[in-house]
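The structure appears below as structure tokens.
Please treat every number below as a calculation from the coordinates, not as lab data. All values derive from a computational prediction rather than experimental measurement.
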Amino acid sequence: MYHKWIKEYGKTDGFLKAYKGVTGAPFGLENEEGVLTQEDFLQILEDFRMVILKELKVDIDNWNAGVFVMGLVDFIPKYIEIDNTVILEFQIILSNFLLYLEEKDYLENTNELIIAMVEFMPVCLNRNLDTKYWSSLKRKNIESYMEYMDDQMEMLSDLLDDLEEAEISNNFFPLTNKQQNQDKIIPMKPSQIIPFEGANKKTSNKIYQLRIDIVGAKPPIWRRILVPAEMTFEDLHEIIQTVFGWNTAHLYQFNVGSVILSDFEAEELLGEPTQFYFEPQVKKDMAKTKLSQLVNLGDKFEYIYDFGDSWEHKIVVEECLDKDPSIPFYPYCTKGKRTAPFEDFGGIERFDDFVASFKKNANKKSVQDVLEWAVGEDIERYHPDHVDIEEINEILGMSFLE
């Protein structure tokens, strides 16, 4: 509940005029999104009063310039979760509130407080942006909010990617009759989820749903695939090469906890041992090690390709499923976003820079020269947001169908 002075102030013409001056709209009308309401400003006033009362042990009756400045500069940025725009708006509301308290004989010499507020406002704004002044609660709440917003933005990005991908596919890569009817025949995401039975048990009929992301890509570049749990890591390496369009032209390795799996014979032959593992880690033969022996539902592990460019892939075991008779073969790719980087391109940051240049001016000579080097005859069909799932599955089917 608000303090009685704040309740009274919220009903005065002075508050309504200050509120209109800040928001641009009289109270009682529906505000635009992002505009603080009357209740918001009254709550900020109450929070400010409680900070002064609790932290400085001084009630409004005994405010003075020193106490006021300490509360404004040290405690508002630390405890109240508002941004700098709100602090500046709050300055107007607070100034009028002080005048109201003087009018009601609750305070004297409010001009001194208002002048102090104006003089020290820049310090308050700077400290509000400096996380070292935040309380642990404010930091925790803001971090939670940012995590929530990141999740929402990822969902929105996926939705926009879906819409953009559909438009790109229809405009540049018209669907064949077979493709148009594909979703009616093959569900893109099997819905029959079963509990995971644990590693090292008989899982001959179990399927892992894996999501594989290229680390650092903005927007994300990823593929979702269905693979037998009994498949070896060597087979998974071949699948990753296929779904991202890599050419197995470089060394590679998996990092699964303390276990590494790689083509150690190739390393010895080339005399280029990888620098991505250390003595405490255990080496295993990836041709003899099955996925079910090392990873379970919910596990995350890493695949690194090309130790020069260092294309890092984050792999998550999203689900453990029964075999679906409507899926024609395993492994099978169900979804993906964005075309993978070019081989030998120098790393994800350089690729993202190229994509930005392509989207800005695809016909620029420097862009066209890169495309001619990277994709050759397919230069006219290239688009960084296009993924041909059917083509990926055709290659997977030819490579792994028994």
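Per residue, the average separation of C-alpha pairs within less than 8 Å and at least 6 apart gives the range 4-134 a relative contact order of 28 percent.
For the pair Glu39 and Phe120 in one chain, pulling the backbone fully straight at 0.36 nm per residue adds 26.6 nm over the alpha carbon distance.
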